[in-house]
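Just below is one structure, and these are the notes that go with it.
The values are calculated or read from the model by the stated rules, or taken from the named source; none is laboratory data. Everything quoted here is computed from the prediction, not taken from an experiment. All Cβ positions, glycine included, derive from the backbone under ideal geometry; neighbour counts span all protein chains shown. Note: accessible area is taken over every heavy atom of the protein model, side chains too, but ligands, DNA and RNA are not part of it. Shrake-Rupley method; radii C 1.70, N 1.55, O 1.52, S 1.80 Å.
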Amino acid sequence: MSDDIATTTGNSEQSGSSALSDSTDLGHDVYQIDTRMAGYAGITAGYLIRSSRPCLVETGTATSAPVVRAALAALGIAAGDLATVVVTHIHLDHAGGAGDIAAMFPSAEIVVHEKGARHLADPARLMASARMVYGDALDVLFGSLSPVPAGRLRTLDDTGLVDLGDGRRLDSYYSPGHAKHHVGLLDSLSGDLYVGDAAGVYFPETGDLRPATPPPDFDLAVALASIGKFASIGPSRLLFSHYGPVSDVAGTLERSAEEISVWVAATRAARSAGMDLDHAVEAVRQRTLSRYAAFAADADPVVTEKFERISGAEANVSGIWHWLEGLDQAG
């Protein structure tokens with residue numbers, strides 16, 4: 001996410017929005033909730049599965065928690081009704097609201113991969129790292145992750161299960177590459193696969209798909225293996241946290257793997273040419289612009305700026321650069 005979102009929040013699309021307008025019925029008792037990161041629409045999504053054991057997938061940021069609570073209330077989920085909250089990984093745009101949502105919904109179990117659980121129980125280190133990256137913009141972008149009581153946490157291993165009631169479940173699939181604490185979640189009834197960021201960032205306005213390869217965990221082989229795992233599961237639909245549902249599963253996952261490979265090749269070429277990181281970011285950005293309708297000459301500038309906010313070139317190239325440095329040191 002680009003820091004310029006923090007300087008333009010006053011122009012947010014959130015003004016005048018209602019909880020009902022933040023929710024979209026996707027069928028099978030699944031509802032997409034716009035979590036309105038930093039007040040903007042269409043950047044981060046959470047999903048309610050309104051089963052006999054209601055489940056929220058992704059909380060959004062800490063500042064999004066009141067938006068999510070209002071949307072859940074509009075969908076008939078009271079404070080004591082929510083059974084489970086699952087996050088695909090602990091990055092603050094996905095799990096930053098976990099502590100606040102846990103307080104708002106005191107009956108809910110908070111489910112996360114085992115490698116991320118300690119950071120939800122004690123987020124001090126995670127928040128300190130985020131503060132180093134984002135500075136004062138952190139408060140507007142994400143807010144502060146509140147601790148989740150350790151007794152409320154349940155961890156997932158390489159595989160796991162979340163009971164949605166009446167025989168319905170979410171099966172978890174460990175999918176690192178974007179982050180070491182990342183899981184994908186498959187709904188046994190709908191066939192929906194919640195992909196978090198492991199398949200990249202989907203932009204519904206233009207149909208673009210861009211990789212999500214931030215530091216420090218990106219690893220090419222692991223990321224491609226995670227995408228391959230998703231393909232082998234055979235989901236009926238992909239639900240992106242950024243942003244929304246996609247029905248062309250095979251084509252989208254193929255594109256996801258292709259995009260990662262293109263960005264890695266471009267970053268490698270920049271390093272081989274002797275560029276420093278700053279110049280490499282701009283070189284890779286320019287080299288890949290033609291792949292995305294959001295950057296076409298006739299594209300709406302608002303759409304272009306929003307796309308760059310969701311999947312910034314700086315974060316993507318930095319993550320690949322960090323991985324390549326590790327390969328050089330190991331070699």
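Here are the numbers for this structure:
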{"quantity": "Square roots of five times the Cα gyration tensor eigenvalues for segment 67-112, Å", "calculated": "18, 12, 8"}
{"quantity": "Whole-Hz couplings from phi, Karplus 6.51/-1.76/1.60, listed for segment 37-45; x for Gly and Pro", "calculated": "4, 6, x, 8, 8, x, 10, 10, 10"}
{"quantity": "FRET efficiency estimate (nearest 0.05) - Cβ-Cβ, residue 166 to residue 305, R0 35 angstrom", "calculated": "0.20"}
{"quantity": "Segment residue 298-residue 277, extension gain: residue separation times 0.36 nm, minus the distance between their alpha carbons", "calculated": "4.6 nm"}
{"quantity": "Label-point gap, in nm, between residue 107 and residue 132 - each point 7 angstrom along Cα→Cβ", "calculated": "4.2"}
{"quantity": "For the chain, built as a Gaussian network whose Cα springs stay under 10 Å, the top-fluctuating residue of 93, 34, 25", "calculated": "25"}
{"quantity": "Environment charge of residue 304, counting only residues whose C-beta is closer than 11 Å and scoring Lys/Arg +1, Asp/Glu -1", "calculated": "-4"}
{"quantity": "Size of charge dipole - segment 199-331 - debye, nearest 20, with Cβ of Lys, Arg +1 and Asp, Glu -1, no other charges", "calculated": "300"}
{"quantity": "Inter-probe distance in nm under a simple model that places probes 7 Å from Cα toward Cβ, at residue 232 and residue 287", "calculated": "3.1"}
{"quantity": "Order of exposure, largest accessible area first, which applies to 172, 272, 318 with probe 1.4 Å", "calculated": "272, 318, 172"}
{"quantity": "Accessible-area value, residue 69, 1.4 Å probe, nucleic acids and ligands omitted, Å²", "calculated": "110"}
{"quantity": "Debye, to nearest 20: dipole size of the chain, +1 on Lys, Arg Cβ, -1 on Asp, Glu Cβ", "calculated": "540"}
{"quantity": "The chain: DSSP helices with Cα axial extent of at least 18 Å and average Kyte-Doolittle hydropathy no lower than -0.5", "calculated": "220-233, 249-272, 313-330"}
{"quantity": "Rounded accessible area per residue of the chain, 1.4 Å, Å²", "calculated": "39"}
{"quantity": "Solvent-accessible surface (1.4 angstrom probe) belonging to residue 115, in square angstrom, nearest 10", "calculated": "110"}
{"quantity": "Inter-site label distance for residue 158 and residue 269 at 7 Å from Cα along Cβ, in nm", "calculated": "3.7"}
